[in-house]
Amino acid sequence: MRDNDRVTSATRQSEPPAAATRPRLIATDLDGTLLRDDKSVSPRTVAALAAAEQAGIEVFFVTGRPARWMDVVSAHVHGHGLAICGNGAAVVDLHGGPGRHRFVKVRELPPQNALDAVRLLREAAPGTVYAVEQTYGFHQEPAYPKLHMEVPDDLLPAEEILAPGGRAATEPVLKILAFHPELDPDGFLTLARLAIGDRANVTRSSPSALLEISGPDVSKASTLALCCAERGLSHEEVVAFGDMPNDVEMLTWAGQSYAMGNAHPDVIAAASGRTVANNDDGVAVVIERMLDLPGRAAPPGARRRGTSGAVTAAPRAATATAPGPAPNPSPG
């Protein structure tokens with residue numbers, strides 16, 4: 001089912017949530033957050049997620065990954081089995097297991113908006129190259145680097161892929177990937193947002209200068225808000241975890257939110273709390289405290305705060321940077 005309604009996420013109130021509030025839904029990013037750097041889910045994290053579900057707390061995986069890259073967590077879904085993919089462009093049912101997912105909701109990037117975004121960013125940042133992500137298809141320009149572990153369906157200019165009647169005309173476009181070989185990642189993001197304006201939502205999750213361009217008002221936060229509204233949940237009943245700029249709106253919207261110890265500075269500024277790094281099972285640390293699970297001490301360098309499970313890492317310099325590049329960077 002397509003849902004192209006423009007949804008904007010409410011901004012969370014600036015004051016922190018009540019310390020004793022236990023959330024009803026956990027929303028967690030994957031890469032750099034729930035997953036370790038080797039893309040595994042640790043036994044400790046698997047146990048924490050299962051304990052949350054057993055306690056009646058729903059768990060949503062909220063990621064920039066396309067649905068076909070969700071095999072890494074498909075064995076760990078419980079209950080509803082839903083995940084938010086493509087930075088909010090799709091809600092996917094993972095119950096079928098690897099390779100058998102089902103799209104529940106699609107919030108596409110309209111074709112004209114996609115063409116406008118490609119043109120405007122190419123004018124503002126010459127040398128930008130593109131790939132096009134669809135529900136099932138993946139197309140890229142010949143000069144687009146091999147950043148992903150898959151073979152594209154086509155090697156064509158983005159304008160030809162996105163043209164009426166072109167290769168992308170048969171199924172919804174979820175997002176455009178824009179790569180620049182020379183620009184600073186944060187500088188490229190700022191430039192793209194200024195150039196594209198309200199025609200599309202632009203963010204990033206890779207340590208390289210790789211941007212992700214979605215439909216207007218499509219984000220992790222706005223799609224999570226839709227899913228919560230369908231369940232009668234308010235933002236105060238949600239706790240969220242993330243590490244990169246594509247998580248900022250979600251962390252701002254959620255009643256409680258945690259930046260990972262390895263998070264981008266903008267994420268640290270947006271979150272209401274801080275946990276330890278993904279390789280130290282930072283999501284599991286908070287869940288264990290939140291549920292008061294026995295036998296788990298906070299990792300070295302962390303200290304407990306309050307009674308809601310908040311864990312604040314040891315002080316970190318304001319100039320902290322995002323994690324270094326992986327061999328095959330994938331959206332978080």
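The values are calculated or read from the model by the stated rules, or taken from the named source; none is laboratory data. All figures in this text were calculated on a predicted structure; none of them were measured in a lab. Reconstructed Cβ throughout: ideal geometry from the backbone, glycine too, with neighbour counts over all protein chains shown. All accessible areas refer to the heavy atoms of the entire protein, side chains included, with ligands and DNA or RNA removed. Shrake-Rupley method; radii C 1.70, N 1.55, O 1.52, S 1.80 Å.
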- Odd one out for I26 among (1) modelled with pLDDT of 95 or more; (2) assigned to a loop (DSSP other than H, G, I, E, B): (2)
- Residues of region 131-156 classified as closer than 21 Å to A195 by Cβ and surrounded by fewer than 19 Cβ atoms within 10 Å (Cβ to Cβ), total: 1
- Tally time: how many residues in region 173-210 are touching a helix residue (DSSP H, G or I) at 6+ places or on another chain (Cβ under 9 Å) and within 19 Å of Q112 (Cβ to Cβ)? 13
- Task: Scan region 257-277 for residues that are of a type in the set (D, E, K, R) and surrounded by fewer than 24 Cβ atoms within 10 Å (Cβ to Cβ) and report the count.
- Result: 1
- Message: For region 117-130, give me each residue that is on the phi < 0 side of the Ramachandran plot and surrounded by fewer than 17 Cβ atoms within 10 Å (Cβ to Cβ).
- Response: R119, E123, A124, P126
- Filter region 254-311 for residues that are at pLDDT below 95 and farther than 17 Å from P23 by Cβ and give the result. P294, G295, R296, A297, A298, P299, P300, G301, A302, R303, R304
- Among (1) under 21 Å from the mean Cα position of the chain (by Cα); (2) open to solvent by 40 Å² or more (accessible area, probe 1.4 Å), where does E159 come up short? (1)
- Among residues of region 165-193 being β-branched (V, I, T) and more than 18 Å from the chain's Cα centre (by Cα), the residue most open to solvent (accessible area, probe 1.4 Å) is T170
- Query: Of the residues D154, D186, D198, which is in contact with a strand residue (DSSP E or B) (Cβ under 9 Å, 6 or more places away or on another chain), more than 23 Å from D31 (Cα to Cα) and acidic (D, E)?
  - Reply: D154
